Amino acid sequence: MSALRTIFLLPTSSISPFSPSSSSGCWFPAKLAISRCSDTSPVTVVNGNVDKQSYERNEVRLGLPSKGRMAADTLDLLKDCQLSVRQVNPRQYVAEIPQITNLEVWFQRPKDIVRKLISGDLDLGIVGLDTVKEYGQGSEDLILVHDTLEYGDCRLSLAIPKYGIFENINSLEELARMPQWTPERPLRVATGFTYLGPRFMEENGLKHVSFSTADGALEAAPAMGIADAIVDLVSSGTTLRENNLKEIDGGIILESQAVFVASKRSLLQRKDVLDITHEMMERLEAHLRAAGQFTVTANMRGRSAEEVAERVLSQTSLSGLQGPTVSPVFCKRDGKVAVEYYAIVICVPKKALYKSVQQLRAIGGSGVLISPLTYIFDEETPRWRRLLSNLGL
């Protein structure tokens, strides 16, 4: 059955996106509510609130981005966590992770992942934080399971031209004080972020602002004369500079990266969702914590393990995670087993690796071996405890 898509525009004073009135030409707040109805998951939207009928679904569903750099990086991260996604047919939107039973992977547009988490069609998802904030619009049913997956870094930012009336404008405060903006001639902003952009302007006291919706190539809008400024995602800033645009102080709306998000309702109502979330969180956390960390092993002469440990701990770069592991190295002397050396094992971040090797040598270390770490598992990840607390469990 084809999906039924209904759009309601509802006046409200609590949401700040602006929409043009066809009759008066003025701008007024409006709230966009979208309902998606299907056989398996009927949803009714009334005054912006989701009233979801009960349904039966045994499988846990994970939404992943279907295209682009975010999609590729997400699959790479899951593979590094021994959670490779197996897709029989690249044209199919459904796949599986063989290591986790009862889990379906659904490839979707990022904004649809957020919407379907809210509607109940998905239980878990990996998307950018900017997408969660824009399309989640403060939904209490969205809960961040892991907020720093360490890829997809960008920022949602306000950018203005470097030339003309903006040449000497370098801060949001200066932009707001410009006398040019009036009810008849508001600051025109082109953006695809029609929730976060207007809310940011309202919170920062920019009263006379109008928004036009646009997707892609926003950087051309000021030069074409169809906008004064843009609100868009920025990574390196090169595209802005090449189009004679600049970011300004106080103009960053949101710092974003990939996040692991879940439906709070699914976590509370279905044990399988909570169990799978726990396993995925532990794998992600262990891998991310180990990224850029190395195991350093060296032999060192000493009278006792305590004496060797004392020497190791005297160096600032050799403390490891909780401290060095010091173990006796046994050898035979004159037909008897003896201990002349001790093996030191520590965990060292990549940036401190060479310094740590130098310090080990300085206190008598030799035969230094280095190997990268794949996982570091804690007794229990603090994020899991926080999640349970947020769920009231």
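The values are calculated or read from the model by the stated rules, or taken from the named source; none is laboratory data. None of these values were measured; they are calculated from a predicted model. A quick note on method: Cβ atoms are made from the backbone with ideal geometry, for glycine too, and the neighbour counts reach across all protein chains shown. Calculation scope for accessible area: heavy atoms of the full protein, side chains included, ligands and nucleic acids excluded. Shrake-Rupley method; radii C 1.70, N 1.55, O 1.52, S 1.80 Å.
By how many nm would the segment from residue 355 to residue 84 grow when fully extended, if each residue of separation counts as 0.36 nm and the alpha-carbon distance is taken off?
94.0 nm
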Whole-Hz Karplus couplings 3J(HN,Hα) for the range 264-273, θ = phi - 60° and coefficients 6.51, -1.76, 1.60, Gly and Pro as x, run 4, 4, 5, 4, 7, 9, 10, 5, 4, 5
Taking Cα atoms, how many degrees apart are the long axis of helix 110-119 and the longest axis of the chain, rounded to 10 and kept between 0 and 90?
80
Highest mean first, what order results for 258-271, 106-119, 213-226 on Cβ atoms within 10 Å?
106-119, 258-271, 213-226
Carbon/sulfur accessible area of the range 143-189, % of total, 1.4 Å probe, equals 49
Using a 1.4 angstrom probe, figure out how much accessible area the chain has per residue, in square angstrom, rounded to the nearest whole.
54
Rounded, prolate or oblate: which one fits the range 70-205, using the alpha carbon gyration tensor with axes a ≥ b ≥ c (rounded when a/c is under 1.5, else prolate when a/b beats b/c, else oblate)?
prolate
Here the tail fraction of P(r) beyond 26 Å, over all Cα-Cα pairs of the chain, rounds in percent to 65
Taking only the alpha-carbon atoms of the range 143-239, what semi-axes of the equivalent ellipsoid follow from 5 times the gyration tensor eigenvalues under a square root, in whole Å, largest first?
25, 16, 13
Using θ = phi - 60° and the Karplus curve 6.51 cos²θ - 1.76 cosθ + 1.60, what whole-Hz ³J(HN,Hα) does each residue of the range 71-88 get, with Gly and Pro shown as x?
5, 5, 5, 5, 5, 5, 4, 4, 5, 5, 8, 6, 10, 4, 8, 9, 10, 5
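Ranked from the most accessible area to the least, with a 1.4 Å probe and all protein chains present, what is the order of 151, 354?
Accessible-area ranking of 151, 354, largest first: 354, 151.
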Expected sort for 186-192, 63-69 on mean C-beta neighbours within 10 Å, highest first, is 186-192, 63-69
